[in-house]
Each structure stands twice: as structure tokens, then as C-alpha cells.
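The values are calculated or read from the model by the stated rules, or taken from the named source; none is laboratory data. The model shown is predicted, which means the values in this text are computed figures rather than measured ones. Here the Cβ positions follow ideal geometry from the backbone for every residue, glycine too, while neighbour counts run over all protein chains shown.
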Amino acid sequence: MTSVELQSLSKQRRLLVTGGAGFIGSNFAHYWCQHYPNDRVVVLDALTYAGNRRTLIPLDSHSNFRFVQGDICDRPLIDALLQEEAIDTVVHFAAESHVDRSILGPDAFVRTNVVGTFTLLEAFRQHWMSSDRPEDYRFHHVSTDEVYGSLGPHDPAFSETTPYAPNSPYSASKAGSDHLVRAYYHTYGMPTTITNCSNNYGPYHFPEKLIPLMCINILMGKPLPVYGDGQNVRDWLYVEDHCSAIDAVLRRGKVGETYNVGGNNEVKNIDLVQMLCALMNEMAPSLPVKPAESLITFVKDRPGHDRRYAINSSKLQTELGWTPSVTVQEGLRLTVQWFLSHEDWWRPLLSEEYQAYYNKVYA
Ligand code: NAD
Ligand code: DAU
């Protein structure tokens, strides 16, 4: 039996997906509507600079999909949505997510990531309690490996018991939100789960992040700014594998637990940029500057730049049977192909506002 046939036999789930117009949230909304078409999916998103309504247009024809523009700090709106949509599952992606922006202006990070998460938790607690605390309700919080800080070259990968040591305003605000979620399980018994994931990449990735920025700059013949010595290491995960990990946690995860999600794909930034250049040289029909490697430019380092992230996801793999399905070589090829064929998606995002941000960071 296919997952769609199996699902028609089970209860309809009713999801509130916060931040579902952003990179990972939109991939998750597409994933869920495709795999579980009988479930209700309500996306709540404030459409900040990172939110893109166009990404969700293909879902508008889906009868179980609804988009609501709104802020996770707006308690009356959250209360109304939880009640009128009879939500049983919150999947919480909404956040300010870019480290460089958190260095330029941390305020929005504290507001959305800490106060916004708190607002959602309080609203969901009331909703869950007034429905007689159903056991199948779930508040799932999507977090990051950055809460664990930075690793040395020979340190073991982050596990769920690694102490928190966030280094940027972004990761500190995510750590704060994780602690609140944890407290709501321990204090109120609210059914929560948390995933801490490594760097994602794939379709609908906003241009400010490393992989889309490099793809777009190669296509435009612009310099490829590599911070510092380019030796920082990230553990890359194809976004669809992140979605399937959250699926596994929602279906089989234990409440109150945290699961680390990673691709087991540690790559130095400079090597990753070289891989993207090689793919673009091979796959792009034409490039303004070729070979693309000649655009690589080392620039001033990010303040407080974490040296290395690596995730041990053996808990998720052994307890819930999840495995990533895409290697970094396959995933980068898919991603380059996606950026080559979706200029209509990324070109409008290079707005004046984006250019002003770019000039501040890379001046
Ligand atoms: P993103 O910046 O692409 O998207 C964030 C979305 O949240 C946007 O659509 C934005 O409009 C929305 N949003 C922001 N403030 C809001 C508010 N106050 N109310 C409602 N909506 C609001 O982020 P992303 O990369 O998709 O990350 C999603 C989540 O996953 C975040 O919580 C992030 O911390 C976490 N995460 C990201 C990665 C990664 O590599 N991108 C890795 C691990 C964890
Ligand atoms: O680890 C998970 C985190 O991954 C998420 O929690 C964050 O939301 C997400 O933005 C991402 O954070 P990073 O800071 O690791 O991602 P970013 O794409 O900004 O940078 C990846 C690496 O590349 C990092 O070492 C900084 C470097 N970099 C980045 C940019 C934008 C460059 O060298 N040049 C650049 O222009």
C-alpha cells in the first residue's frame, strides 16, 4: 500500500505550519501535502523579507491547504486559528534565521525567535488544556545545531546531550526558544518534540545563504565571497531529508525528546564553493565568467564565526529508522539544476532592500 492509501485509513491530522513561506517551511508544506493529501495544512507566515508567497502558489489548488499572513507574536490571531482550524499539530519553523543579519540587528531575533515561540507555546497550551489534553496533540519545534556552539577539528559530532553554547545572537535566540519548549514539556506535560538540524540546502533557499548566494553570483558573474580562510566546516543536509526527519519525529517520536538531524556530510566552505563552481561550469549553458572558480574572493571573516559543526543523528536513525536519502554530491547537482531552471523565482528577490543588506555585509 502507498503512504497515500495508508493515510486514507488513518485519522486526519490538522497542522499549523509557522514560517511555511520560508525555505524549509515551504518545502515541508509541499512535502506534507504530497505525502498526506488528506491532512489539513494551514501555513501561518508574516511574509518578512525571507517569506515568499509565490513559493506556495502550487498548493493553492489543494483543497486542504490554507495560507494566512500573520505574526507568531499575535496572540489573538494564534488563538483564533488554533480554535477555528481545530489544530492538533503545530510545526514551528517561523524564525529570523540568518546569522549575518543577527549580527547587524539582533532585536528581531529576540522578538520572533524567543517572544514568538513563547506566544505560540502559551496559545497551544491553552488550546490543548481546553481540549482535555489529548495525547495525540503535538507541538514540534524546529531548531538548529548552532545552539551547541563550535567544534574543534577532532571533537566528536554534536549529540542530543552536548551542552548548549550558542555564539551568535541568532543561535542564542534559538537556544532560548529550545529551553522554553523543553520547559513546557517538563512543567505542564505539554506534548512537545524538538529537532536540532544541520545546514539545509535545496529549492526555495533565500539568496543570502551560502549555497544560493554562490549559485546566483556565478550566474551573474559576480565575486564569490568566502569568509576568512574558507576552512570552516558545515554538515550539509538536503532539505527534503529534513522534511522526512520531521515526519518521522511527528509519527514515531517520543514526546519530550530532542532528535538531532544531520546529513553526515561535513564539507569545508572552500571545498563546497569549488564543487558548486565545477557543477556550474558543467551544467550552465553559458556563464558570464568561466571558469567560475576565477570569481572566488576571500573576504573579511564573520565576527564570532563558528569553526565547525557536525551532527550525530544516530538517535533518530536507530530509534525512528530515519536515514538521509541524498548524498551531498547528488543534492548539490539537484540544487544547481533547480537554480538554473528557476531564475523567475530568485531574480525578483534581488531587490533594492536585498542589495542594501548585501552592501552592508560585503562592503
Ligand atoms: P527562512 O528565513 O527561510 O524562513 C523563515 C520564515 O519565517 C519566513 O517565511 C518568514 O516570513 C517567517 N517569519 C519570520 N518572522 C515571523 C513572524 N514573527 N511570524 C510569522 N512568520 C515569521 O528560514 P529557514 O531557513 O526556512 O529556517 C526555518 C527554521 O529552521 C528556523 O527556525 C531555523 O532556525 C531552522 N533551521 C534552519 C536551518 C537552515 O539551514 N536553514 C537549519 C536548522 C534549523
Ligand atoms: O547549522 C544550521 C544553520 O545553518 C541554521 O540554523 C541557520 O538558520 C542557517 O542560516 C545556517 O547557518 P550558517 O551560518 O552556517 O549558514 P550560511 O549559509 O550563512 O553560511 C554557511 C557557511 O558559509 C558559514 O561558515 C559562513 C560561510 N559563508 C556564508 C556566506 C553567506 C561565506 O563564506 N560567505 C558567504 O557569503
- Message: Taking the conditions exactly as written (of a type in the set (Ser, Thr, Tyr), touching a helix residue (DSSP H, G or I) at 6+ places or on another chain (Cβ under 9 Å), farther than 17 Å from VAL226 by Cα and surrounded by fewer than 20 Cβ atoms within 10 Å (Cβ to Cβ)), does SER313 satisfy them or not?
- Response: no
- Message: Could you go through region 212-232 and let me know if any residue there is free of Cβ contacts under 8 Å to residues at least 24 places away in the same chain and farther than 30 Å from MET129 by Cβ.
- Response: yes
- Name the strands (runs of 3 or more DSSP E) wholly within region 211-309 that hold at least 3 residues that are within 11 Å of ligand 2 (Cβ to nearest atom) and farther than 19 Å from SER341 by Cα? 224-227, 233-238, 296-299
- Item | Residue that is more than 16 Å from ligand 2 (Cβ to nearest atom), more than 18 Å from THR195 (Cβ to Cβ) and touching a strand residue (DSSP E or B) at 6+ places or on another chain (Cβ under 8 Å), where the choices are LEU120, LEU59 | LEU59
- Would region 293-302 turn up any residue that is surrounded by fewer than 21 Cβ atoms within 10 Å (Cβ to Cβ) and either within 13 Å of ligand 1 (Cβ to nearest atom) or closer than 16 Å to TYR201 by Cβ (or both)? no
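Residue by residue, here is whether (1) modelled with pLDDT of 95 or more; (2) charged (D, E, K, R); (3) within 27 Å of ARG251 (Cα to Cα) holds:
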{"residue": "ASP100", "(1), (2), (3)": "yes, yes, no"}
{"residue": "ALA108", "(1), (2), (3)": "yes, no, no"}
{"residue": "GLU122", "(1), (2), (3)": "yes, yes, yes"}
{"residue": "HIS127", "(1), (2), (3)": "yes, no, yes"}
{"residue": "HIS141", "(1), (2), (3)": "yes, no, yes"}
{"residue": "GLU146", "(1), (2), (3)": "yes, yes, yes"}
{"residue": "GLY152", "(1), (2), (3)": "yes, no, no"}
{"residue": "SER159", "(1), (2), (3)": "yes, no, yes"}
{"residue": "ASN167", "(1), (2), (3)": "yes, no, no"}
- Looking at LEU180, LEU151, which is the one that is away from ligand 2 (no atom under 12 Å from the Cβ), of a type in the set (A, V, I, L, M) and in contact (Cβ under 8 Å) with a residue 24 or more places away in the chain? LEU180
- Among the candidates LEU77, LEU16, LEU6, LEU59, which residue alone is of a type in the set (A, V, I, L, M, F, W, C) and at pLDDT below 95? LEU6
- Picked from region 142-156 (must be under 21 Å from the mean Cα position of the chain (by Cα) and of a type in the set (Asp, Glu)), the residue surrounded by the fewest Cβ atoms within 10 Å (Cβ to Cβ) is GLU146
